[in-house]
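Structure first, commentary second.
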Amino acid sequence: MIPSVPASPGAPLPCGPTTLLVIAKEPVPGRVKTRLTPPFSAEEAAELAAASLSDTLLTVLCLPAVRRVLVLEGGPGPWLPPGIEVVPQCSGGLDERIAAAFAGCDGPALLIGMDTPQVAPVHLAPALAPDGWERCDAWFGEAEDGGFWALGLASPDPGLLRGVPMSVPGTGAVQRARLLDAGLTVRELPRLRDVDTAEDAVRVAGLAPHGRFAATLDRLNRAAAR
């Protein structure tokens, strides 16, 4: 069973054969979560992004892995917990940056983004189970907006990502087709909602009411109501 809370400081983290990747931007005002403005200011949107990233990384610490890697555009901040390795993103489009993240892995790798702070160990448990990669070449987690929130590859091949149009309604369909056209056996992870808009933020906070994202959203909404 995958634990639901991070190990205590100094305790060994759970081990497994998979490299866990989180691809993210440093939460700098004006550069992240721009679709949250308005109703939020650029600074408030960055606070929400930082909380979302923090929740995501804390979940990653619960999961069995051989490496836990934050593939980061920018620099680390106080939202980065111990136990997470940081590597810089390469230049180019998002497809190139995701491809490069997989290229740096040996053995199975599973990538998630920073836009699903509600992600919990149960959502990734099938891929990280002891038999998760048996007769399975890829894991795919569709996002409600037509993209994808998770992608796992038993044998990371950057060519499976390059040229996929990112951040459009058909991204997920194109990426899944790319996997299937390569002859891979693809298994599905649960469908999750990304945080892009203020409505998304409310919905996602309701799914994880005890996380930092929900607490930050509540604080900002209370301040706005004064």
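The values are calculated or read from the model by the stated rules, or taken from the named source; none is laboratory data. Predicted model, so just to flag it, every value in this text is computed and none were measured. Cβ placement follows ideal geometry from the backbone for every residue including glycine, while neighbour counts extend to all protein chains displayed. Just so you know, the surface numbers come from the protein's heavy atoms only, side chains and all, with ligands and any DNA or RNA stripped out. Shrake-Rupley method; radii C 1.70, N 1.55, O 1.52, S 1.80 Å.
Step by step: first the residues of the range 181-204, then only those that are under 19 Å from the mean Cα position of the chain (by Cα) and without any contact (Cβ under 8 Å) to a residue 40 or more places away in the chain, then the one that is farthest from Leu110 (Cα to Cα). Which residue is that?
Val202
Report yes if Ala138 is in contact (Cβ under 8 Å) with a residue 12 or more places away in the chain and closer than 23 Å to Val66 by Cα, otherwise no.
yes
Scanning for something modelled with pLDDT of 95 or more, buried (at least 22 other Cβ atoms within 10 Å of the Cβ) and assigned to a strand (DSSP E or B), does the range 24-42 turn up at least one residue?
Yes, the conditions are met somewhere in the range 24-42.
Answer with yes or no whether Gly152 is closer than 28 Å to Ala11 by Cα, small (Gly, Ala, Ser) and open to solvent by 40 Å² or more (accessible area, probe 1.4 Å).
Values: closer than 28 Å to Ala11 by Cα: yes; small (Gly, Ala, Ser): yes; open to solvent by 40 Å² or more (accessible area, probe 1.4 Å): no.
Spelling it out, it is not the case that Gly152 is closer than 28 Å to Ala11 by Cα, small (Gly, Ala, Ser) and open to solvent by 40 Å² or more (accessible area, probe 1.4 Å).
Which of the numbered conditions does Leu111 fail, given that it passes all the others? Conditions: (1) part of a loop (DSSP other than H, G, I, E, B); (2) in contact (Cβ under 8 Å) with a residue 60 or more places away in the chain.
Unmet condition: (1).
Does the range 83-105 include one or more residues that are in contact (Cβ under 8 Å) with a residue 24 or more places away in the chain, within 19 Å of Leu13 (Cα to Cα) and open to solvent by 40 Å² or more (accessible area, probe 1.4 Å)?
Yes: the range 83-105 contains one or more residues that are in contact (Cβ under 8 Å) with a residue 24 or more places away in the chain, within 19 Å of Leu13 (Cα to Cα) and open to solvent by 40 Å² or more (accessible area, probe 1.4 Å).
Report yes if Arg162 is closer than 18 Å to Ile98 by Cα and surrounded by fewer than 17 Cβ atoms within 10 Å (Cβ to Cβ), otherwise no.
yes
From the list Val174, Val164, which residue is β-branched (Val, Ile, Thr) and touching a residue at least 40 places away in the same chain (Cβ under 8 Å)?
Checking each option against the conditions leaves just Val164.
State yes or no: is Gly75 in a loop (DSSP other than H, G, I, E, B) and under 14 Å from Glu26 (Cα atoms)?
yes
Starting from the range 205-225, take each residue that is farther than 14 Å from Ser41 by Cα and list its partners that are in a loop (DSSP other than H, G, I, E, B) and not hydroxyl-bearing (Ser, Thr, Tyr), counting only C-beta distances under 7 angstrom and pairs at least six apart or across chains.
Correct list of pairs: Leu207/Gln118; Ala208/Pro117; Ala208/Gln118; Gly211/Pro117; Phe213/Pro117; Ala214/Ala208.
Residue check: is Arg178 assigned to a strand (DSSP E or B) and either over 16 Å from the mean Cα position of the chain (by Cα) or surrounded by fewer than 16 Cβ atoms within 10 Å (Cβ to Cβ) (or both)?
No; evaluated as a whole, the condition is false for this residue.
Those residues that are assigned to a helix (DSSP H, G or I) and open to solvent by less than 40 Å² (accessible area, probe 1.4 Å), I need them from the range 181-206; list them, please.
Ala198, Asp200, Ala201, Val204, Ala205
Starting from the range 49-66, take each residue that is farther than 10 Å from Pro117 by Cβ and list its partners that are of a type in the set (Phe, Trp, Tyr) and open to solvent by 10 Å² or more (accessible area, probe 1.4 Å), counting only C-beta distances under 7 angstrom and pairs at least six apart or across chains.
Ala50/Trp79
For Cys15, which of the numbered conditions (1) hydrophobic (A, V, I, L, M, F, W, C); (2) within 24 Å of Leu207 (Cα to Cα); (3) open to solvent by 20 Å² or more (accessible area, probe 1.4 Å) fails to hold?
For Cys15, the exception is condition (2).
When you scan the range 44-62, do you find a residue that is touching a strand residue (DSSP E or B) at 6+ places or on another chain (Cβ under 6 Å), at pLDDT 95 or above and assigned to a loop (DSSP other than H, G, I, E, B), even just one?
no
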